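To keep things clear, I will list the structure first and then write my remarks on it.
The values are calculated or read from the model by the stated rules, or taken from the named source; none is laboratory data. Keep in mind that this is a model prediction, so the values were computed, not measured. In this analysis, Cβ positions are derived from the backbone assuming ideal geometry, glycine residues included, and neighbour counts consider all displayed protein chains.
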């Protein structure tokens, strides 16, 4: 396969763009130029028909054969839906064209509006370009640079789950069939290393780690992160965080940066449900958006820099509440952890659909959550997304890069009550996505793989059976609370109560706990598991950061007549 193409489009400045891109990208990308929308469309068709990829369109803001580049992007997207799209306006009309074009960016018509480079070393421009190329690379089914190899003869549920875990950990991975000729010597070495005559699939090898014959995702997590060992720490940690979603990661960064000893325990991949989001566009400070995986990995690296210790692949199975003299005790698969304070930020699980025929195909076309790896396998197929929240909207937009048709199924009258406006606007613009209001999934099936679903109109009761290769269920939240002690008050749905939501009979001296404090002193809750949370990444991050002053106050109470201000970043 040839190098992926970058198509540079400008009637008068194509050579300027080519010179700028040639100095940076000529080794790794096939640089093409075009002078019009139609010419760029023709180039893209040639690349696609040859079985190769177009990674990026970079176009001037004015083209001779269309009234607006919005129309050009629309035509190009019909040819290559996965390519990233950039407007690089010439400096003579950058300001004049901006107001009319930026509204299109809000609707997802393109990814960035940039000023065409005016000289060498325009790092701001190239930072945007490399970010978009990195984002594109993460959606390629078989990336060039890999951190982990998955070898399997089938795309079964276990193989897909392993690849999804690796994706969420930020580990580029590639799938090989064991009969691949160039792999035979490599497999012989693995058989010798493992001391077996026949290999069981899938086989997984991660960078600088021994190969394993995986029987579960947990096997891979142990291979990547190390096996749970007897977890005996002489000292008591200041803050133990259960769950490495946005709330837990924020608390880890702020806590460790302020001198607390912090340990994070995560049963699955860092990032939680947010880590499965293909693109979060409304998170402060990322105007071009950022994937949930990249946001989580950056936060993890930031926390590590301040001294946080992470143990991923470790499930917390119990919590024994302590008191002012006795630390809290967390039971894990590898041993016990003693902590002066605990933050519960273990998030929520997606609710089950409860249709037996659908549940039987989980991992074989049916997925709870966005399942980024499964999305890449949907090329050319019809898929259904169930859910009306932001996660469902992000999943639908990502799937539309690959699937021929995406149906969003919701029981409500529409998406307005539950989804952010920017996502609704992007969905309405995307010709591959259809919203099906007042509809639910009642059946589905196929020969070992999802092939069809039955949808029911909740107002008329009418049912239709439609082809579907993928079903992505993002049905709302169920808290993971079965490991918590009964002293922690919870609402009727099992979400943890904090602050003024705590029942009055649990208040101390007529005063409620602090906003994120629970009914057990020294135990706090943040993020989706907390009753009344906003279910947004930014809100969870803010809650996680806000816990840290409460931890300080608990560990070193101030005199009653002294007011301790919250730390300022």
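Considering only strands (runs of 3 or more DSSP E) fully contained in the range 430-494, which possess at least 1 residues that are modelled with pLDDT of 95 or more? Even if it seems obvious, please write down each step before you answer.
Numbers: elements: 433-436, 439-445, 452-457, 463-467, 470-473, 477-479.
So the answer is 433-436, 439-445, 452-457, 463-467, 470-473.
Condition first: over 26 Å from the mean Cα position of the chain (by Cα) and not in a helix (DSSP H, G or I). Now tell me which residues in the range 88-113 satisfy that.
88, 89, 90, 91, 92, 93 - these are the residues of the range 88-113 that are over 26 Å from the mean Cα position of the chain (by Cα) and not in a helix (DSSP H, G or I).
Looking only at the range 84-109, count every residue that is under 19 Å from residue 14 (Cα atoms) and touching a helix residue (DSSP H, G or I) at 6+ places or on another chain (Cβ under 8 Å) and tell me the total.
Restricting attention to the range 84-109, the residues satisfying the condition of being under 19 Å from residue 14 (Cα atoms) are 84-94, 97.
From the residues that got through so far, the ones that are touching a helix residue (DSSP H, G or I) at 6+ places or on another chain (Cβ under 8 Å) too are 84-89.
The qualifying residues number 6.
With the structure loaded, tell me whether residue 423 is crowded, with 24+ Cβ neighbours inside 10 Å, under 19 Å from residue 293 (Cβ atoms) and in contact with a helix residue (DSSP H, G or I) (Cβ under 7 Å, 6 or more places away or on another chain) or whether it fails that test. Write out each step before concluding.
On the way: crowded, with 24+ Cβ neighbours inside 10 Å: no; under 19 Å from residue 293 (Cβ atoms): yes; in contact with a helix residue (DSSP H, G or I) (Cβ under 7 Å, 6 or more places away or on another chain): yes.
It is false that residue 423 is crowded, with 24+ Cβ neighbours inside 10 Å, under 19 Å from residue 293 (Cβ atoms) and in contact with a helix residue (DSSP H, G or I) (Cβ under 7 Å, 6 or more places away or on another chain).
Cβ-Cβ distance below 7 Å, separation of 6 or more or different chains: which pairs start in the range 404-421 with a residue that is under 17 Å from residue 440 (Cα atoms) and in the same structural domain as residue 281 (by TED's automatic domain parsing) and end on one that is buried (at least 16 other Cβ atoms within 10 Å of the Cβ) and modelled with pLDDT of 95 or more?
Close Cβ pairs satisfying both conditions: none exist.
Please work out which one of (1) assigned to a loop (DSSP other than H, G, I, E, B); (2) not assigned by TED's automatic domain parsing to the domain that holds residue 44 is the condition residue 167 fails and give its number.
Exception for residue 167: condition (1).
Please verify whether the range 58-65 includes one or more residues that are under 29 Å from the mean Cα position of the chain (by Cα) and either modelled with pLDDT of 95 or more or over 14 Å from residue 13 (Cβ atoms) (or both).
We begin by selecting, within the range 58-65, every residue under 29 Å from the mean Cα position of the chain (by Cα); these are 58-59.
From what's left, either modelled with pLDDT of 95 or more or over 14 Å from residue 13 (Cβ atoms) (or both): 58-59.
Yes; the residues of the range 58-65 include at least one that is under 29 Å from the mean Cα position of the chain (by Cα) and either modelled with pLDDT of 95 or more or over 14 Å from residue 13 (Cβ atoms) (or both).
Among the residues of the range 194-211, is any in a helix (DSSP H, G or I), on the phi < 0 side of the Ramachandran plot and surrounded by 11 or more Cβ atoms within 10 Å (Cβ to Cβ)? Break it down stepwise before answering.
First pass over the range 194-211, keeping only residues in a helix (DSSP H, G or I): 194.
Restricting the remaining residues to those that are on the phi < 0 side of the Ramachandran plot gives 194.
Restricting the remaining residues to those that are surrounded by 11 or more Cβ atoms within 10 Å (Cβ to Cβ) gives 194.
Yes, because at least one residue in the range 194-211 is in a helix (DSSP H, G or I), on the phi < 0 side of the Ramachandran plot and surrounded by 11 or more Cβ atoms within 10 Å (Cβ to Cβ).
Do we have residue 272 as over 16 Å from residue 542 (Cβ atoms) and buried (at least 24 other Cβ atoms within 10 Å of the Cβ) here?
Details: over 16 Å from residue 542 (Cβ atoms): no; buried (at least 24 other Cβ atoms within 10 Å of the Cβ): yes.
Answer is no for this residue.
Report whether or not residue 36 is closer than 23 Å to residue 124 by Cα, at pLDDT 95 or above and surrounded by 15 or more Cβ atoms within 10 Å (Cβ to Cβ). First the steps, then the outcome.
Values: closer than 23 Å to residue 124 by Cα: no; at pLDDT 95 or above: yes; surrounded by 15 or more Cβ atoms within 10 Å (Cβ to Cβ): yes.
Spelling it out, it is not the case that residue 36 is closer than 23 Å to residue 124 by Cα, at pLDDT 95 or above and surrounded by 15 or more Cβ atoms within 10 Å (Cβ to Cβ).
Select from the range 114-162 the residues that are in a helix (DSSP H, G or I), touching a strand residue (DSSP E or B) at 6+ places or on another chain (Cβ under 8 Å), within 27 Å of residue 448 (Cα to Cα) and modelled with pLDDT of 85 or more and list them in ascending order.
159, 162
Could you list, in sequence order, all residues of the range 20-30 that are surrounded by fewer than 17 Cβ atoms within 10 Å (Cβ to Cβ) and either more than 21 Å from residue 138 (Cα to Cα) or touching a strand residue (DSSP E or B) at 6+ places or on another chain (Cβ under 7 Å) (or both)?
Result: 22, 23.
Report, by residue number, each residue of the range 70-104 that is without any contact (Cβ under 8 Å) to a residue 12 or more places away in the chain and either within 14 Å of residue 136 (Cβ to Cβ) or surrounded by 14 or more Cβ atoms within 10 Å (Cβ to Cβ) (or both).
77
Go through the residues of the range 380-393 one by one and say whether even a single one is touching a strand residue (DSSP E or B) at 6+ places or on another chain (Cβ under 7 Å), over 29 Å from residue 83 (Cα atoms) and touching a residue at least 40 places away in the same chain (Cβ under 8 Å).
no
Among the residues of the range 250-281 satisfying the criterion of being at pLDDT below 95 and in a helix (DSSP H, G or I), which is nearest to residue 296 (Cα to Cα)?
Ranking the qualifying residues of the range 250-281, first place goes to 275.
Go through the residues of the range 490-511 one by one and say whether even a single one is in contact with a helix residue (DSSP H, G or I) (Cβ under 6 Å, 6 or more places away or on another chain) and either crowded, with 16+ Cβ neighbours inside 10 Å or under 22 Å from residue 251 (Cβ atoms) (or both). Spell out the reasoning first.
Restricting attention to the range 490-511, the residues satisfying the condition of being in contact with a helix residue (DSSP H, G or I) (Cβ under 6 Å, 6 or more places away or on another chain) are none.
No: zero hits.
Within the range 364-389, track down each residue that is over 20 Å from residue 454 (Cβ atoms) and modelled with pLDDT under 90.
Within the range 364-389, 369, 370, 371, 372, 373, 374, 375, 376, 377, 379, 380 meet the criteria.
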